[in-house]
Amino acid sequence: MIKKIEHLGIAVANIDESLRVFETLLGTQCYKIEEVESEGVKTAFLQVGESKIELLEATNPDSPIAKYLEKRGQGIHHIAFEVDNIQTEIERLLNEGFVLIHESPKNGADNKLIAFLHPKSTESILIELCQEKN
Ligand code: ZN
């Protein structure tokens, strides 16, 4: 079951510069900076009420974020939905005909199991499913 929007992912060229903007905008400090080496990204999280903002900076030129920035520039990169059971949701969405980039859950930032859906089956929006790791 999909529970809520957990965070919005925003692709940025420079995480330190963008953090200053978002920390001032939201009146709160970043609570975690974390690198996900397998994805070639550095992430920074800010909490706003129940929701979070995830800033994403590329750590190498082959990173999906580097490619995104090259093509589209900075902006909203993905919407992440929290699910209670990521394996069950992956199976449900595959059965519904959605195309998944990850057909099995993988480790993401912020203590989460994650899987991305391909934007070609989701109206051009990159969607992330995430489940808190116990
Ligand atoms: Zn995310």
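The values are calculated or read from the model by the stated rules, or taken from the named source; none is laboratory data. If you're wondering where the values come from, they're calculated on a predicted model, not measured in any experiment. Backbone-built Cβ (ideal geometry, glycine too); neighbour counts: all protein chains shown. Heads up: the accessible areas ignore ligands, DNA and RNA and are worked out on the full protein's heavy atoms, side chains in. Shrake-Rupley method; radii C 1.70, N 1.55, O 1.52, S 1.80 Å.
Within the shell of other residues whose beta carbon sits under 13 angstrom from the beta carbon of ILE5, the net charge comes to -2, with Lys and Arg scored +1 and Asp and Glu -1.
Roughly speaking, to the nearest percent, how much of the stretch 25-134's 1.4 Å accessible area is carbon and sulfur? Roughly 48 percent of what the probe reaches on the stretch 25-134 is carbon or sulfur.
Compute, for the chain, the length of the dipole vector about the Cα centre, with Cβ point charges of +1 (Lys, Arg) and -1 (Asp, Glu) only. Units Debye, rounded to 20. Kindly include the intermediate steps, with their values, before the conclusion.
On the way: 14 positive and 23 negative charges, 40 e Å.
The calculated dipole for the chain is roughly 200 debye.
Report LEU19's accessible area, 1.4 Å probe, all protein chains in place, as a number in Å² to the nearest 10. For LEU19, the solvent-accessible surface is approximately 10 Å².
Note on SER38 and ASN111: the extension gain reaches 24.8 nm, defined as 0.36 nm multiplied by sequence separation minus the Cα-Cα distance. Other residues lying with their Cβ under 10 Å from the Cβ of ALA109 contribute a combined charge of -2, Lys and Arg counting +1, Asp and Glu -1. Amide hydrogen proximity for ILE101: with H placed 1.01 Å from N in the peptide plane, the residues at 5 or more positions away or on another chain lying under 5 Å are PHE116, LEU117, HIS118.
The GNM of the chain, with springs linking C-alpha atoms under 10 angstrom apart, assigns the highest mean-square fluctuation among GLU50, GLU89, GLU23 to GLU50. Lysine pairs in the chain whose alpha-carbon atoms fall under 16 angstrom of each other, counting only those eight or more residues apart or on distinct chains, come to 14.
When all protein chains stay in place and ligands, DNA and RNA are ignored, the 1.4 Å accessible-area order of HIS78, HIS118, largest first, is HIS118, HIS78.
In plain terms, the chain from PHE45 to LYS71 could stretch by 7.0 nm, reckoned as 0.36 nm per residue minus the Cα-Cα distance. At a probe radius of 1.4 angstrom, the accessible area of the chain per residue rounds to 56 square angstrom.
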